[in-house]
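The structure appears right after this line, and notes come after that.
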Amino acid sequence: MSNSFWGHSTSKAQEESSPSRIDPASGLVSSEQMRQVEERLFAAGMPVAALMEKVGLAIFAQLQRDFPQATRIGILCGTGHNGGDGLVVGRELLLAGKTVKVWLAKPDLKPLTAEHARYLKALGAEFIADFRELAECDLLIDALFGIGLNRPLGDPWVGAVGWANASGIPILSLDLPSGLNDQTGEIWGCCVRAACTYTLGLWKRGLWQEAALPWVGQLHRIEFGIPEWALLTQGSPTVPRLLLQPGSHFPPDPPLDTHKYRQGSLLLVAGSAAYAGAAVLAGLGARSSGAGMVTMVVPTGLKPLIHTVLPEVLVHAWEGIPTLPPGKSPAKGFQALAVGPGLGETRLPVLEVLLRDWTGIPWVMDADGLNVLAELGVEHLRGRGIRAILTPHLGEFRRLFPRIPLSDRIEAAQQAASQSGAVVVFKGSRTVIAAPSGQCWVNPASTPALARGGSGDVLTGLIGGLLARWGGTGSPIDESILLRCACAGVWWHAQTALQLAKERGLTGVDPARLAEHLPQALRTLRQEQVIRY
Ligand SMILES: NC(=O)C1=CN([C@@H]2O[C@H](COP(=O)(O)OP(=O)(O)OC[C@H]3O[C@@H](n4cnc5c(N)ncnc54)[C@H](O)[C@@H]3O)[C@@H](O)[C@H]2O)[C@@H](O)CC1
Ligand SMILES: [K+]
């Protein structure tokens, strides 16, 4: 019996990380990559019309499940094949007894789209000249633009999109909300605000960018049976992926004959007189990670507090000039170092000590640790040969990587990882995790409940503890383990917050409770094997 989380074997994990094939359930593709995949299908004999038919029928089936009450459906129809998809769905809705009205933005349709329009008219659908005539509908289908959109919307689309957004009628977008940039998730001037988006075949990466969140609504992928041989990537060696069920990213469960030193020993350097709470929260995160031993380095004034709140933690207190635990030579005894939360004014002297003596074990750096690194320059990490995970939020990211553009956060995280040589966890409502090799993950599920002070401190302790646990197994801590720890920590942290928010509401997810709930949440997740986004 496998003892790894959810029974994933390492070989499965390695197979999942293969860069040459798109995973249809989680790979995030550009329009260009989507077109390459479709071209392979067409070249192998799949007729374009047959594919549109297949896709349209699958959309119709999903729509019946999601919107069973809708009886009067309006279709905003563009000139290309996105419009064609909308018309195939319209035909099926009409045949199912629904009322269908179509607003054609322009008359010059692509041939296949024009044929579907002609047939839908022959079946009795009403084609209207003014989109306002859709006001009585109870569902709007946005079939204006899909992956063909390549410039800002002009007239008459801007008027139609503005009207639809203001109408209060739920909108279902096909493939992408019209107006959304398929790469960056930014909008081309204006954009449909969808209640639901059905993307076709493969996830378009723009849908999962943070900028897209206000526009995409509930996301659903319409499966249309793309064969494996059509899923090979060309050009870009790595395709970013969604972090769905990262079971194989967790350290193996403890063997029955384990002891505390084999469960990983973490050195956590955090806190200052002004920011004592940050140290406590990082300590609570580390506690819940399951690491065998946690040692905290804090200024003397914090020692009683840490002893009271975290009695199992070893405390090394310092006064005046930061020092590290005596009797332990650097890199011996500890498998990982987490540094940064709440260091405040002591951040520079603390980092100087660590950079001098503690470069042999892997680091997780956050908060004030990152602020010092920004002052010193990220190249310090590579220069000292430090294996690191950096966990910046937007402000810290800007300070660390001032020259990296932020319009595409997935790309930004990948560039930051490549520049720093570290695994970068770019925190936000769609956290991106990127490794120097180009591998990249997006956390698809999170909650605004995490947007409060202290959540990040918990994450730092948690990832640090996971790193120590991996170290305790004897695995060499290379990029792949750093990446796994970052992924496991981000996913676990967010899923716990989602569970707590469900039980206690958005305001009930304070960081201390979040840290305490981590083990229970993981237990539930393992039982349910859920995917949430
Ligand atoms: N390639 C295929 O055979 C399939 C495509 N499918 C659908 O087809 C869509 C892609 O179809 P198309 O390539 O026809 O493109 P779209 O239907 O997305 O766009 C239509 C055309 O609009 C033009 N355009 C772009 N930006 C514009 C703007 N701002 N203002 C005015 N016109 C603009 C472009 O020339 C583009 O070709 C997919 O998103 C998907 O919905 C599906 O039917 C499955 C099969
Ligand atoms: K669309």
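The values are calculated or read from the model by the stated rules, or taken from the named source; none is laboratory data. Owing to the predicted nature of the structure, the values given are computational and were not obtained by experimental measurement. Please note: Cβ atoms are built from the backbone with ideal geometry, for glycine as well, and neighbour counts cover all protein chains shown. Just so you know, the surface numbers come from the protein's heavy atoms only, side chains and all, with ligands and any DNA or RNA stripped out. Shrake-Rupley method; radii C 1.70, N 1.55, O 1.52, S 1.80 Å.
Note that region 466-533 presents 40 Å² accessible area per residue, ligands and nucleic acids not counted, probe 1.4 Å. Over all other residues within a Cβ to Cβ distance under 11 Å of Ala164, the charged ones net out to +1, with Lys and Arg as +1 and Asp and Glu as -1.
For a test of the definition: using alpha carbon positions, the gyration tensor, and the 1.5 limit on a/c, classify region 121-175 as rounded, prolate or oblate. The shape class here is prolate.
Cα centroids of region 254-270 and region 353-387: 23 Å apart. Considering only Ser31, Leu87, Pro47, and ranking their Cα positions along the charge dipole of region 10-131 that arises from unit charges at the beta-carbon of Lys, Arg, Asp and Glu, the one farthest toward the positive end is Leu87.
Between Trp318 and Val298, Thr300, the built amide H atoms are under 5 Å apart, and every one of these is 5 or more places off in sequence or on another chain.
In loop segments of region 349-449 as defined by DSSP, the trypsin sites (Lys or Arg not before Pro) with at most 15 further C-beta atoms inside 10 Å of their C-beta are Arg384, Arg403.
Using Cβ point charges alone (K and R +1, D and E -1), the dipole size of the chain about the Cα centre works out to roughly 600 debye. For Gly146, nonlocal amide neighbours, meaning residues 5 or more places apart or on other chains whose placed amide H falls under 5 Å from its own, are Asn82. Over the chain, DSSP H runs of length four or greater, each weighted -39,500 (n - 2.57), average out per residue to a 222 nm ellipticity of -12500 deg cm²/dmol.
Bridges between two residues of region 257-528, per DSSP, are antiparallel at a rate of about 20%. Only beta bridges with both residues in the chain are counted; by DSSP, about 15 percent of them are antiparallel.
Shown in residue order for region 84-97 are the 3J(HN,Hα) couplings computed by the Karplus curve 6.51 cos²θ - 1.76 cosθ + 1.60 at θ = phi - 60°: x, 4, x, 6, 4, 5, x, 4, 5, 5, 4, 5, 8, x Hz (x for Gly and Pro). Heavy atoms of the protein chains alone define the surface here; on that basis region 28-235 has 40 Å² accessible area per residue at 1.4 Å probe size. Which listed residue (Pro214, Ala58, Ala286) has the Cα farthest towards the positive end of the charge dipole for the chain, taking +1 on Lys and Arg C-beta and -1 on Asp and Glu C-beta about the Cα centre? About the Cα centre, the residue reaching furthest to the positive side is Ala286. Once C-alpha pairs closer than 8 Å and six or more residues apart are averaged by separation and normalised to the residue number of region 126-228, the relative contact order reads 24 percent.
3J(HN,Hα) along region 143-159, derived from phi through the Karplus expression 6.51 cos²θ - 1.76 cosθ + 1.60 where θ = phi - 60°, amounts to 10, 7, 9, x, 6, x, 5, 9, 7, x, 6, x, 7, x, 5, 4, x Hz, with x in place of Gly and Pro.
Rounded to the nearest 10 degrees, what's the angle between the helix 347-357 long axis and the longest principal axis of the chain, both from Cα atoms, 0 to 90? Helix 347-357 and the main axis of the chain meet at about 70 degrees.
Its Cα centre serving as origin, region 257-528 has a Cβ charge dipole (Lys and Arg +1, Asp and Glu -1) of approximately 340 debye.
Label the chain by shape, choosing from rounded, prolate and oblate, from the square roots a ≥ b ≥ c of the eigenvalues of the Cα gyration tensor; if a/c is under 1.5 it is rounded, and otherwise prolate applies when a/b is larger than b/c, oblate when it is not. It is prolate, given that a/c is not under 1.5 and a/b is the larger ratio. What is the dipole size for region 28-235, taken about its Cα centre, with +1 at each Lys and Arg Cβ and -1 at each Asp and Glu Cβ, in debye to the nearest 20? Roughly 180 debye, rounded to the nearest 20. Working note: Karplus 6.51/-1.76/1.60 with θ = phi - 60° gives region 198-212 the couplings 9, 9, 9, x, 10, 5, 7, 5, x, 4, 9, 7, 4, 4, 7 Hz, where Gly and Pro are set to x. Assign one of three labels to region 325-424, namely rounded, prolate or oblate, based on the Cα gyration tensor with a ≥ b ≥ c the square roots of its eigenvalues; rounded applies when a/c is under 1.5, prolate when it is not and a/b is larger than b/c, and oblate otherwise. Here region 325-424 falls in the prolate category. Taking Cα pairs under 8 Å and at least six residues apart, what relative contact order does the chain come out at, in percent? Result for the chain is 14 percent.
Share of the chain's accessible area from carbon and sulfur, percent, 1.4 Å? Its accessible area is 54 percent carbon and sulfur atoms.
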